[in-house]
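What follows is a set of notes on a single structure, which appears directly below.
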Amino acid sequence: MEKSQLINYINEKLKRLGYVFRPYPESFTYEELNFIFDIFKKGRIRKIENIKFLYYIVPIENLENIIKSGKIECRNNVLKKGKRINDPSDKNVQKRRAEKYIYRKYNIHNFVGLYINPRNAMLYRYIVKKVNFAVLQISNRILEDFRHIFYSYKNASASDAQISENPRMINLNIKKIMSDSWKNDDNLKKIIQSEVLVLGYVPLKYVKRIFVKDANLGKVKSILKRYPYKIPVETKCYHIKDLFFESWLRSD
């Protein structure tokens, strides 16, 4: 949209609200006008500071259903279709998520939970329990493209989680969220598991890479070969250091 079109759009919006655009709109840069336009158009700021990717952790047993359907579906949608879910996660946590409603008639299981920092307690649990899993790296473009997105400061199932349509609490605490250890601190443990909740599903086109441990590389590549998706499968993540807790496991 050209600068003049942005100005006209913003002026019209403000006029309906009973305001006049001051200072004179020509004094704003194109970037500033786009920022104002984004607030009016989408109703909220979506950006998570300095974060290019989000992450989805999935047992490899469930990965083929995702690739086959072309999307990561929320738990409730999968169950409605009668698909089997291999779920090694904590049953009490899943129960809390099922009982926690955050938007109209929708509970947490109506949303796809994406981690900001995948190197968290859930991933460590999978490693300790020897679950074969994959970590899907997802473009943050989904924050702009999808309408019904919520931000959970702390794990969404936690009683003290702050869930909002605005990422303010995420942005204020991004350094804590990206911590590389929770050091027996239960509160920090929940903070590191902060989530972005996407209503319904996440299309596979937003998945940029899949990370797996060395032992599962061949298996995941063979799954992808059966479908028309060119998603790189890698064993090292350059955005999240020590993704698979190699340093922790070496020191045990």
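Things worth noting here:
- Protein accessible area in the chain, 1.4 Å probe - carbon and sulfur %: 49 percent
- Charged side chains reduced to their Cβ positions (Lys and Arg at +1, Asp and Glu at -1) give the chain a dipole of some 820 debye around its Cα centre.
- Global geometry of segment 141-252, whether rounded, prolate or oblate, following the gyration tensor of its Cα atoms and the 1.5 cut on a/c: oblate
- One equal scatterer on each Cα of the chain, no solvent, Debye formula: the resulting log10 I(q)/I(0) at q = 0.15 Å⁻¹ is -1.09.
- Beta bridge orientation in the chain: antiparallel %, DSSP, nearest 5: 95 percent
- For the chain, the relative contact order is 22 percent, taking Cα pairs closer than 8 Å that sit 6 or more residues apart in sequence and dividing their mean separation by the residue count.
- Neighbour count of at most 11 Cβ within 10 Å plus DSSP loop: longest chymotrypsin sites (Phe, Trp or Tyr not before Pro)-free window in the chain: 20-237
- Solvent-accessible area per residue, Å², over the chain with all protein chains present [probe radius 1.4 Å]: 56 Å²
- Estimated at 0.36 nm per residue, the fully extended path between TYR101 and ARG147 surpasses their Cα-Cα distance by 14.8 nm.
The values are calculated or read from the model by the stated rules, or taken from the named source; none is laboratory data. All values reported here derive from a predicted model rather than from experimental measurement. Cβ: placed from backbone, ideal geometry, glycine included. Neighbour counts: every protein chain shown. These accessible areas exclude ligands, DNA and RNA; they are computed on the full protein's heavy atoms, side chains included. Shrake-Rupley method; radii C 1.70, N 1.55, O 1.52, S 1.80 Å.
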